[in-house]
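*Asks:* Before I ask anything, here is the structure I am working with.
Throughout, read-outs are computed from the coordinates displayed, never taken from laboratory work. Since the structure is predicted, the reported quantities are computational estimates derived from the model, not experimental observations. Please note: Cβ atoms are built from the backbone with ideal geometry, for glycine as well, and neighbour counts cover all protein chains shown.
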Amino acid sequence: MKWAALVDLVAEGRVCILSGAGLSTESGIPGYRGADGERRVTPMTVSELLASPHARQRYWARSFVGYPRFAAAEPNDGHRAVADLQRLGLTTGIITQNVDGLHQRGGADEIIELHGSLDAVVCVDCGESYARTTVDEWLRQANPRFDREAMTGQIRPDGDVLLTDEQVAGFATARCVVCRSDRLKPDVVMFGESVAKPLVQKCFDTVAESSCLLVLGSSLMVMSGFRFARFAARERIPVAVITQGVTRADAETTVKLESPLGATLTQLVAAVTPGAAPR
Ligand SMILES: [Zn+2]
């Protein structure tokens, strides 16, 4: 019943996809929340990061350890299925809350990265932007005795790994080469920051021109994503959700499937591909 309704919605086309951390868990990047919707990890807020050199040391040490693992994550069947839906001409847009770049590496393009990307780093004081690989190289040179390969710990969706104070002590942070400030931050929307208004508007516009909002792997607990589900419901645009666990938008949802993303999306692509076996 639910499955047939989902297939019908997607086969109709004009689908706006909104993806979250749950789409990347099969790539080895765990989400922020458990199936109960409760937050399991507390990310550093932007004000904490900017408040003290000590916080920046902690952030960048964790991030330095996490980055190679994060960068090594590969797109999964879910990302590839989203790219297939785009190639089939069934999507109006792909909005992601993820900062891992896996949609693009899975073959999709024109991704709206709602929370930015870990590929870039910005200087808060002068606005200069750097490739993350460049900053990673600076950090490597500044910390020749910091053996990140030897440090174990769970990678988190924002690309860092929890470390002890002892492990963080002595880590040297990098400075902006233009203004010498050490207030560098990843070019992502950190907790405590807002998404830029024009980008939010672009998302609302994309949802408005769609005949379905398909939410993938997001609990929508954070307002930055939830508002699009609420907007769609208000505009009487059906909201379909495939995720594991509760969502904040259950009341706004037309169809909800709690099943693994990779396998489910692969089946969905097969069902909506022209010439596919009758469903
Ligand atoms: Zn600067």
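*Asks:* Go through region 246-253 residue by residue and turn each phi into a ³J(HN,Hα) via Karplus (6.51, -1.76, 1.60, θ = phi - 60°); whole Hz please, and just put x for glycine and proline.
*Replies:* Working through the residues one at a time gives 6, 10, 6, 9, 3, 5, 8, 8 Hz.
*Asks:* Going by alpha carbons, how many degrees (0 to 90, nearest 10) lie between the helix axis of 77-87 and the longest principal axis of the chain?
*Replies:* Taking the Cα atoms of the chain, the angle to 77-87 is about 60 degrees.
*Asks:* Taking 0.36 nm per residue of separation and subtracting the Cα-Cα distance, what length does fully extending Arg236 through Val178 add?
*Replies:* Gain on extension, Arg236 to Val178, equals 15.9 nm.
*Asks:* Can you give the FRET efficiency for Ser52 and Gln244, using 1/(1 + (r/R0)^6), R0 = 51 Å, r = Cβ-Cβ distance, to the nearest 0.05?
*Replies:* Efficiency computed from Cβ-Cβ geometry: 0.85.
*Asks:* Enter the angle in degrees (range 0 to 90, nearest 10) between the Cα long axis of helix 223-234 and the first principal axis of the Cα atoms of the chain, meaning the one along which they spread out most.
*Replies:* The angle comes out near 20 degrees.
*Asks:* Here's another thing I want to ask about it. Only helical DSSP H runs with n ≥ 4 go in: add -39500 (n - 2.57) per run for the chain, normalise by residue count and round the 222 nm mean residue ellipticity to 500 deg cm²/dmol.
*Replies:* -11000 deg cm²/dmol
*Asks:* Which trypsin sites (Lys or Arg not before Pro) does region 71-163 hold that lie in a coil by DSSP with at most 12 other beta carbons within 10 Å?
*Replies:* Arg145
*Asks:* How about the chain: what cysteines have no other cysteine beta carbon under 4.7 Å from their own?
*Replies:* Taking the Cβ cut-off of 4.7 Å, the unpaired cysteines of the chain are Cys16, Cys203, Cys212.
*Asks:* Note the angle between two axes, namely the Cα long axis of helix 2-11 and the longest principal axis of the Cα atoms of the chain, as a number of degrees from 0 to 90, rounded to the nearest 10.
*Replies:* 80 degrees
*Asks:* Continuing with the same structure: Please give the contour-minus-distance gain from Met223 to Thr42: 0.36 nm per residue of separation, less the Cα-Cα distance, rounded to one decimal in nm.
*Replies:* 63.5 nm is the gain from fully extending Met223 to Thr42.
*Asks:* Below 15 angstrom from the Cβ of Glu252, what's the summed charge of the other residues (Lys, Arg +1; Asp, Glu -1)?
*Replies:* Around Glu252, the charge tally is +4.
*Asks:* While we're looking at this one, here's another question. Taking only C-alpha pairs under 8 Å that are 6+ residues apart, what is the relative contact order of region 128-234 in percent?
*Replies:* 18 percent
*Asks:* What is region 2-272's relative contact order, in percent, from Cα pairs under 8 angstrom and six or more apart in sequence?
*Replies:* That works out to 29 percent.
*Asks:* Take the alpha carbon gyration tensor of region 145-215, find the square roots of its eigenvalues, order them as a ≥ b ≥ c, and report rounded if a/c is under 1.5; if not, report prolate when a/b exceeds b/c, else oblate.
*Replies:* Since a/c reaches 1.5 but b/c is at least a/b, the shape of region 145-215 is classed as oblate.
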